[in-house]
1. Give me the percent of Cα-Cα pairs in the stretch 30-90 that sit more than 15 Å apart, rounded to a whole number.
2. Can you list the HN-Hα couplings for the stretch 72-79, worked out from phi with the Karplus curve (6.51, -1.76, 1.60; θ = phi - 60°), rounded to whole Hz and with x for Gly and Pro?
3. I need the Debye-formula profile for the stretch 103-151: one equal scatterer per C-alpha, no solvent, reported as log10 I(q)/I(0) at q = 0.13, 0.14, 0.29 1/Å, two decimals.
4. Pick the calculated Rg and Dmax of the Cα atoms in Å for this structure from [x] 16.5, 52; [y] 34.1, 125; [z] 22.3, 77?
5. If you restrict to DSSP beta bridges whose two residues both lie in the chain, what percentage is antiparallel, to the nearest 5?
6. Choose one of 53, 164, 31: the residue whose Cα lies farthest towards the positive end of the charge dipole of the chain (beta-carbon charges +1 Lys, Arg; -1 Asp, Glu; about the Cα centre).
7. Could you identify which residue out of 179, 80, 202 has the top mean-square fluctuation in a GNM of the chain using Cα springs shorter than 10 Å?
8. What whole-number value in cubic angstrom gives the convex hull volume per residue for the C-alpha atoms of the stretch 55-117?
Amino acid sequence: GFLHQIDRTNLLDGRPLIYLREQNGVTIGPAQKPGMVLAVRCQNLTIHDVTPGNAMAGLVLINSSDLSIYGVRDTGSVHGFLASNLNRCTVQDTSAYNNSLYGFIVRSSEDVSLDRCHVSGSSGNAFYLFNAQDVVVNASYSHVFTPPYREEDANGVDIDSCRNVSVVNSIFSQCPNSGISVTSSEQVHIRKAHLEENQEQGITVMQCTDSSI
C-alpha cells in the first residue's frame with residue numbers, strides 16, 4: 001500500500017522523505033507533510049499544496065509520465081524542482097525559494113508546462129531546460145539571486161539543446177548574467193518577456209534555428 005512508501009526513519013527536519021517507485025495514481029498532499037518527494041517510474045501522480053525544504057531537491061521526478069504538480073513551495077533545498085525523463089507533466093503555482101543551486105531543472109523530458117512558477121534567491125539558473133522538447137514556461141518569474149554561492153553565469157531561463165520551447169508572459173530580473181539564454185536549440189519562441197536589471201544581457205541567443213523573439 002501507499003503508506004509503505006513513506007520512509008519515516010529518514011526524516012528531513014522531522015518530516016518524512018516520500019519515495020515512490022513504480023506507483024500509479026498516487027496523490028501526495030498536505031496530510032503527508034513531506035520534507036522531500038522522490039518519484040521514479042510513476043504514472044498519473046499528483047503532488048499538491050506541500051512545502052518541502054532543506055533537501056537535495058523539494059521534488060525529484062524521474063522516468064515518469066502524466067504528472068500534475070500544483071501549489072508546491074520549496075524553501076532552502078539544493079534544487080527546488082528536479083525533473084528528468086518525464087513525459088506529460090504540468091506544474092502550476094509552484095515556487096522555489098533560496099535554493100543553493102537551481103530553482104527548476106527540466107532535462108531530457110517532453111511535453112512539460114510550467115505555469116505561474118516563481119523562483120527567488122537561487123544561486124544558479126532560476127529555470128534550466130536541457131535536452132527537452134515541447135516545453136512551455138508561462139506567466140512565471142524569477143528575481144533576486146543570492147550570495148555567497150551565486151553563480152555569475154546564472155540566468156533567469158537557460159535553454160540548452162532543446163526543441164519547441166515557448167516562454168510567454170514572464171518576468172526575469174536581477175540575474176547575474178542574462179534574463180533569458182538560449183543555446184543550441186530550435187523552435188524557441190519568446191513572447192511578452194519582461195527583462196529588468198539583469199547584470200549582462202536581456203536575451204542571449206546562440207546557435208539556434210527557426211526561433212523568434
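The values are calculated or read from the model by the stated rules, or taken from the named source; none is laboratory data. On a predicted model such as this, the values are computed, not experimentally measured, just so you know. We place every Cβ from the backbone using ideal geometry, glycine too, and count neighbours over all the protein chains shown. Surface areas here come from the heavy atoms of the whole protein model, side chains and all, with no ligands, DNA or RNA. Shrake-Rupley method; radii C 1.70, N 1.55, O 1.52, S 1.80 Å.
1. Details: 780 of 1830 pairs.
Cα-Cα pairs in the stretch 30-90 separated by more than 15 Å: 43 percent.
2. So the J values, rounded to whole Hz, are 9, 10, 9, 9, x, 7, 4, 10.
3. Summing over Cα pairs of the stretch 103-151 leads to -0.32, -0.36, -1.05.
4. Recomputing Rg and Dmax of the Cα atoms in Å here picks out [x].
5. Values: 4 of 89 bridges.
Given both bridge residues lie in the chain, the antiparallel proportion sits at roughly 5 percent.
6. Of the options given, the answer is 31.
7. Taking springs between Cα atoms under 10 Å, the residue moving most is 202.
8. Convex hull volume per residue, Cα atoms: 61 Å³.
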